[in-house]
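The values are calculated or read from the model by the stated rules, or taken from the named source; none is laboratory data. Since the structure is predicted, the reported quantities are computational estimates derived from the model, not experimental observations. Please note: Cβ atoms are built from the backbone with ideal geometry, for glycine as well, and neighbour counts cover all protein chains shown.
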């Protein structure tokens, strides 16, 4: 048998040196390219983080423990969508807008939301969640873990009994505590009922009563202040101590205004030298009034509300709605009552005018009532017509 022999060609020493030299050159060329790639990856990551880091993060807590969250951040205009981490497992009333106030489409998942940016450079997101506040006894506790600094607005008539971390700032805005906190985990405990008690309401009513009596003793009538004080007494008798305290303070302020008006009014009749001045002032006032009326008429013409279509619609009873939906918020009840007074149907623009709310806030409130099955929304001449739905005992969800 023949045996095959493998013959390995000899490689000269010069060839080996050439191969090694070529490998070294190739490695030297590739090394800077690889370094540049790593640098670009790190740079893009930092830019993406800077764009997605929120510029504003605000938590507003309602009296029932629901938390409203406002989130504003810069995004990449060239990216088709933006993924937003949500606080809480339950998300309601999510509204996303760009920097011009245009509504953006969004898809809400369990812990995040994907928002179609449509070339926006800034997005603003509002939503509600009940998952950030817990209650043990009379103590409510707000808990959150944030990667950025944020602010928390507590409900009215509450007192803070504990904060887990030192706040950056603390102020009172319209009887509400506004707390600015650094990033990280924060727990804020608070209780209701300390403000607006019967004792503080009684003290406010007594002060208003004494001051009004002092002004009246000077011969100055105070009809507005006296009427407001009567409202305060009525609220106190109904157990609405917070309202009674607020009305009593308003009564005292009205008495101050009526006193100042009476003291600043001249009692002597004007001399003849003052008549030309009065005539000129009257003419100027008449001209100003005419100008205001003309502007108001023009504004009215530009914001004409179309008439509501005549149908066989029969509005439901608001008391039935309140009985079937006892968990409604107070502001929702007031909105339902107003719609009922208007015949059960009203345009959204009228609601905004009545309650002095921004467009997006009112839209969230209307959509909340729609989800509860209380109202339905129809388009009439490019406007939203809000109608109360008929509710029956057997159809309650």
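Give me a count of the residues in region 352-382 that are within 21 Å of residue 313 (Cβ to Cβ), assigned to a helix (DSSP H, G or I) and out of contact with any strand residue (DSSP E or B) (no Cβ under 7 Å at 6 or more places or on another chain).
1
Checking residue 336 against (1) within 29 Å of residue 99 (Cβ to Cβ); (2) under 21 Å from the mean Cα position of the chain (by Cα), only one condition comes out false. Which one?
Looking at each condition in turn, residue 336 falls short on (1).
Checking residue 356 against (1) over 20 Å from the mean Cα position of the chain (by Cα); (2) at positive phi; (3) at pLDDT below 85, which single condition isn't satisfied?
Going through (1) over 20 Å from the mean Cα position of the chain (by Cα); (2) at positive phi; (3) at pLDDT below 85 one by one, residue 356 breaks only (1).
Could you list, in sequence order, all residues of region 164-179 that are surrounded by 13 or more Cβ atoms within 10 Å (Cβ to Cβ) and either under 26 Å from residue 245 (Cβ atoms) or under 16 Å from the mean Cα position of the chain (by Cα) (or both)?
170, 175, 176, 177, 178, 179, listed by residue number.
Would it be correct to say that residue 185 is touching a residue at least 40 places away in the same chain (Cβ under 8 Å) and loosely packed, with under 15 Cβ neighbours inside 10 Å? Please lay out each step first, then the result.
Numbers: touching a residue at least 40 places away in the same chain (Cβ under 8 Å): yes; loosely packed, with under 15 Cβ neighbours inside 10 Å: yes.
The answer is yes for residue 185.
What is the residue count in region 222-245 for residues that are part of a loop (DSSP other than H, G, I, E, B) and buried (at least 17 other Cβ atoms within 10 Å of the Cβ)? I'd like the intermediate steps shown before the answer.
Quick first cut of region 222-245, residues part of a loop (DSSP other than H, G, I, E, B) only: 222, 238-240.
Subsequent filtering for residues that are buried (at least 17 other Cβ atoms within 10 Å of the Cβ) retains 222.
The qualifying residues number 1.
Condition test on residue 248, is it modelled with pLDDT of 90 or more and either within 33 Å of the chain's Cα centre (by Cα) or assigned to a helix (DSSP H, G or I) (or both)? Before you say what the answer is, go through the steps one by one.
Numbers: modelled with pLDDT of 90 or more: no; either within 33 Å of the chain's Cα centre (by Cα) or assigned to a helix (DSSP H, G or I) (or both): yes.
Taking the combined requirement at face value, the residue does not satisfy it.
List the number of the failed condition for residue 78; all other conditions in (1) within 24 Å of residue 192 (Cα to Cα); (2) loosely packed, with under 14 Cβ neighbours inside 10 Å hold.
Every listed condition holds for residue 78 apart from (1).
So residue 327 fits all but one of (1) surrounded by fewer than 14 Cβ atoms within 10 Å (Cβ to Cβ); (2) assigned to a helix (DSSP H, G or I); what number is the exception?
Failed condition: (2).
Quick one: how many residues across region 119-150 are in a strand (DSSP E or B) and buried (at least 18 other Cβ atoms within 10 Å of the Cβ)?
Residues of region 119-150 in a strand (DSSP E or B): 122-129, 133-136, 139-146, 150.
Filter again for buried (at least 18 other Cβ atoms within 10 Å of the Cβ), leaving 123-129, 133, 140, 142, 144, 150.
Residues in region 119-150 being in a strand (DSSP E or B) and buried (at least 18 other Cβ atoms within 10 Å of the Cβ): 12 in total.
Here is a yes/no grid of residues against (1) touching a helix residue (DSSP H, G or I) at 6+ places or on another chain (Cβ under 9 Å); (2) without any contact (Cβ under 8 Å) to a residue 12 or more places away in the chain; (3) surrounded by fewer than 15 Cβ atoms within 10 Å (Cβ to Cβ); (4) outside the structural domain of residue 95 (by TED's automatic domain parsing):
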{"position": "347", "(1), (2), (3), (4)": "no, no, no, yes"}
{"position": "358", "(1), (2), (3), (4)": "yes, yes, yes, yes"}
{"position": "362", "(1), (2), (3), (4)": "yes, no, no, yes"}
{"position": "391", "(1), (2), (3), (4)": "yes, no, no, yes"}
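Of the conditions (1) exposed (fewer than 14 other Cβ atoms within 10 Å of the Cβ); (2) modelled with pLDDT under 90, residue 160 fails just one. Which one is it?
Failed condition: (1).
Identify, from the list 216, 233, the residue that is without any contact (Cβ under 8 Å) to a residue 40 or more places away in the chain and in contact with a helix residue (DSSP H, G or I) (Cβ under 8 Å, 6 or more places away or on another chain). Lay out the reasoning, then the answer.
Details: 216 fails: in contact with a helix residue (DSSP H, G or I) (Cβ under 8 Å, 6 or more places away or on another chain).
Exactly one residue qualifies, and that residue is 233.
Go through 193, 219, 213, 198 for me and flag whichever is surrounded by fewer than 13 Cβ atoms within 10 Å (Cβ to Cβ), over 25 Å from the mean Cα position of the chain (by Cα) and modelled with pLDDT under 85. Give the steps one after another, and end with the answer.
Details: 193 fails: over 25 Å from the mean Cα position of the chain (by Cα); 219 fails: modelled with pLDDT under 85; 213 fails: modelled with pLDDT under 85.
The unique qualifying residue is 198.
I need a count of the residues in region 151-171 that are part of a loop (DSSP other than H, G, I, E, B) and out of contact with any helix residue (DSSP H, G or I) (no Cβ under 7 Å at 6 or more places or on another chain). Can you show your working first?
Here is the first cut: in region 151-171, the residues part of a loop (DSSP other than H, G, I, E, B) are 154-157, 164-168.
With the extra rule that they be out of contact with any helix residue (DSSP H, G or I) (no Cβ under 7 Å at 6 or more places or on another chain), the set shrinks to 154-156, 164-168.
Here the count works out to 8.
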